[in-house]
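Quick note: the coordinates plus some simple rules give every number you see, no bench work behind them. All figures in this text were calculated on a predicted structure; none of them were measured in a lab. Because the Cβ atoms are built from the backbone with ideal geometry, glycine has one as well, and the counts that use them run over all protein chains shown.
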């Protein structure tokens, strides 16, 4: 009941950590939380707080903070699995839960890129150009999220039915080819919270080895470039598909 095929069989919506290990762990957390009075939305609020805490810690240019960010992003994904499982078990799924879930993802993923810029500057006491660069990345992440959600808004305002998976396929052959390449080399996942947590640890190790912030700065550059490419490519994909028709 907690993990029906409609959830576990999702090709694009289910994160790779969910298939690999997170869904196995989340059932234990869900079982522990079910006898309590916490609501699914309460778990989602914890998810929001955990994501914001990860972004706050990321601003500290140290190896220990990178490890803490990795742990918090993993914990957030665990909560993300569990809130829906509790809702399905209790039969309390609703729009509010979906809304809060998206707030959690948007604030976390944008916050992490902004925080990475602060970290690349050396922390809040040395805010400068890298912080601005990180804020650009955060804005691109929010633009990418908006591009997806505005499809549903535009269709609803136009009186069209909900979009289907088939409508997401771009019509021009060139864009379809690029979409297959992205599926084979999913570089677009690099700006997700789990991936940022993992990459930050690698960058922090480079920082320690070089006694500089070279690793963090290289990662910040790479992630903002990825965010720009993904946001631009996604916009073209939406306009070239049948999502708005």
For this session: Could you calculate the FRET efficiency of residue 126 with residue 242 from 1/(1 + (r/R0)^6), where r is the beta carbon distance between them and R0 is 45 Å, rounded to 0.05?
Result: 0.40
Problem set entry | Zone of residue 107's modelled label, taken as backbone nitrogen in the range 118-154 under 18 Å from a point 7 Å along Cα→Cβ | 138-139, 141-143, 145-146
For this session: Take 83, 149, 125 and order them by how many other Cβ atoms sit within 10 Å, fewest up front.
Result: 125, 149, 83
Exercise. Extension gain residue 99-residue 149, at 0.36 nm per residue separation less the Cα-Cα distance, in nm?
Worked result: 16.9 nm
Problem set entry | Rough spin-label spacing in nm, given labels placed 7 Å along Cα→Cβ, for residue 157 and residue 222 | 3.8 nm
Exercise. Which of 98, 194 comes first, and how do the rest follow, when ranked by fewest Cβ neighbours within 10 Å?
Worked result: 98, 194
For this session: Could you tell me whether the range 5-240 comes out rounded, prolate or oblate from its Cα gyration tensor? Rule is a ≥ b ≥ c as square roots of the eigenvalues, rounded for a/c under 1.5, then prolate if a/b exceeds b/c, otherwise oblate.
Result: oblate
For this session: Give me 147, 109 ranked fewest to most by other Cβ atoms within 10 Å of their Cβ, as a rough exposure proxy.
Result: 147, 109
